[in-house]
Amino acid sequence: IRSVGIAGVGSYVPERILTNDELEQMVDTSDEWIRTRTGISTRHIAAENQATSDLAYEAAKIALEDAGLKAEELDLIIVATSSPDMLFPATSCILQEKLGIKGKPSFDMEAACSGFIYGLAVGAQFIATGIYENVLVVGAETLSRLVDWEDRNTCVLFGDGAGAAVLRPVEKGKGLLSFYLGADGGGGDLLKVAAGGAALPASCETVENRLHFISMKGNEVYKFAVRVMGSAAVTALEKAGLSKDDVSFVVPHQANIRIVEAAMRRLGLPMEKAFINLNKYGNMSSASIPVALDELYRTQKLKEDDILVLVGFGAGLTWGSAVIKW
Ligand code: ACO
C-alpha cells in the first residue's frame, strides 16, 4: 500500500457576487438575519453560460498547473457534485472533454456536501494499490440552479464554485493518513431535490409544486451537523493515531459559522484553527472544502508536515473526514 498525498490544488468561483442587500430585495430577509444566523455576507453565482463542468474546468486547470502535470498525464477523473450539468452523461466526462483528453476513466460521485471527502478517499485507493499515479478529484457545484429564489429558508445559504486536487503517491507517512466516511439514508428527507429523477420525473405538477428546487428542514440538519462534525473529526484523528493537539488546521464544510463554532467547541479546539471562508461564498456543497483548502494553501500559512483535518456533512445524510499530513 502506497501513501497518497495532494500534489496540487486549485479553485474557482464565478465573478458575479450576490450580496445580502440584494437578497433583501428578493425575499423577506435582512442582511442582519443572514449574517448573525449563518455568517454569510456574499455568495458567487454562475453566469448563464456557465455550468458545473465549466467551474470544474477552471479549478482543475489551476490544480494541474500547481501539481506540474498536464491533463493527459491524469489516470482518472472524479467529480463530486450534486448539481451535475445533466443527469447523464457524467459531469466528469464533460470535464474530460473540456480538458482536451480522451480515454481516461471518469465518473461522478454524489455524496452532497461530503462529496469531496468521499472523492478523495475513493481516488486515493487507486493510487494506494498501485493501479494509478495521478488522480484528479474535483468538487464542483452550480447550486444557484437548484435554489428556489422565492424560499428565504434556503436561498440565502448557497453559492456556486469549484475546488480541485491532484492526488499522487508521496513518501511513506505523509499525505492522507486516515479517512472516515458515513451515511444515514434515514435522514434523506431532511435535505433533498425531490423531482427530476426516476422517482418523481419532471411534470407540470412537479414544476408547479416547486419540487425541482432544494428543500430543507434546516433545524434538523443543523442538529445533525453539529453532532457529526465533531465526532467525525475525532474518529479520523484516532484512526491516524493522532489527537486534537496535533491539529494545525481544520478545514470544515462551510455551511454555517454557528455549526463550525459548535463543532470546534466539541473538538476542544479554538476557532483560530478553523479555516473559514463561508462569509464570502456561502455553502458551495462539495466545492466548499476544496475551495477552502486551496485558499488556506494560498495564504502560505501551511507548512510542511502540518496536520489538516477535513470534515464535512451533507444530504443523504452523509458525512466524512480526512486527516492529511501536508
Ligand atoms: N431571513 C429571515 N428569516 C428567516 C430566513 C431568512 N433568510 N430563513 C428562515 N427564517 C426564519 C424562519 O422562517 C423562522 O421563522 P418562524 O420562527 O417564524 O418560522 C425563523 O427564521 C427561525 O428559523 P430557525 O430554523 O430557528 O433558524 P436557525 O437559527 O435554525 O437558522 C438555518 C436557520 C440558518 C437554516 C440553520 O438551521 C442552518 O444553518 N441549518 C443547517 C443548514 C445546512 O447546513 N444545510 C446544508 C447542508 S449541506 C448539503 O448537503 C447541501
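Restricting attention to the range 261-297, the residues that are free of Cβ contacts under 8 Å to residues at least 60 places away in the same chain and part of a helix (DSSP H, G or I) add up to 11.
Within the range 134-142, identify whether any single residue is within 16 Å of the ligand (Cβ to nearest atom) and under 25 Å from R227 (Cβ atoms), and answer yes or no. Give the derivation first.
Pass one, the range 134-142, residues within 16 Å of the ligand (Cβ to nearest atom): 139-142.
Imposing the further condition that a residue be under 25 Å from R227 (Cβ atoms) reduces the set to 139, 141.
Yes; the residues of the range 134-142 include at least one that is within 16 Å of the ligand (Cβ to nearest atom) and under 25 Å from R227 (Cβ atoms).
In contact with a strand residue (DSSP E or B) (Cβ under 7 Å, 6 or more places away or on another chain) and either more than 17 Å from N283 (Cβ to Cβ) or within 16 Å of the ligand (Cβ to nearest atom) (or both): does that describe G218? No. Does S321 satisfy being among the polar types (S, T, N, Q), part of a helix (DSSP H, G or I) and at pLDDT 95 or above? So S321 fails the test. One residue alone among E32, E15, E24 is surrounded by 15 or more Cβ atoms within 10 Å (Cβ to Cβ) and among the acidic types (D, E), and that residue is E24. Answer yes or no: is there a residue in the range 174-188 that is of a type in the set (D, E, K, R) and in contact (Cβ under 8 Å) with a residue 12 or more places away in the chain. Checked the range 174-188: at least one residue is of a type in the set (D, E, K, R) and in contact (Cβ under 8 Å) with a residue 12 or more places away in the chain. Quick check: is even one residue across the range 151-167 away from the ligand (no atom under 16 Å from the Cβ) and surrounded by fewer than 24 Cβ atoms within 10 Å (Cβ to Cβ)? No, the range 151-167 has no match at all.
Applying the condition of being away from the ligand (no atom under 16 Å from the Cβ) and of a type in the set (K, R) to the range 221-251 and asking which residue is nearest to N153 (Cα to Cα) yields K244. Within the range 242-260, count every residue that is in contact with a strand residue (DSSP E or B) (Cβ under 8 Å, 6 or more places away or on another chain) and of a type outside the set (A, V, I, L, M, F, W, C). Residues meeting the conditions: 6. Which count do you get for residues in the range 61-114 that are acidic (D, E), over 30 Å from D189 (Cβ atoms) and touching a residue at least 24 places away in the same chain (Cβ under 8 Å)? Total meeting the criteria: 5.
May I ask you to say which residue of V234, V251 is under 20 Å from the mean Cα position of the chain (by Cα) and closer than 22 Å to D160 by Cβ? Outline the logic, then answer.
Details: V234 fails: closer than 22 Å to D160 by Cβ.
Just one listed residue meets the conditions, V251.
Of the helices (runs of 4 or more DSSP H) lying entirely inside the range 1-114, those containing at least 3 residues that are out of contact with any helix residue (DSSP H, G or I) (no Cβ under 8 Å at 6 or more places or on another chain) and within 16 Å of the ligand (Cβ to nearest atom) span 31-38.
The values are calculated or read from the model by the stated rules, or taken from the named source; none is laboratory data. This is a predicted model, so every value here is computed, not measured. Cβ coordinates were reconstructed from backbone atoms using ideal geometry, including for glycine residues, and neighbour counts include every protein chain displayed.
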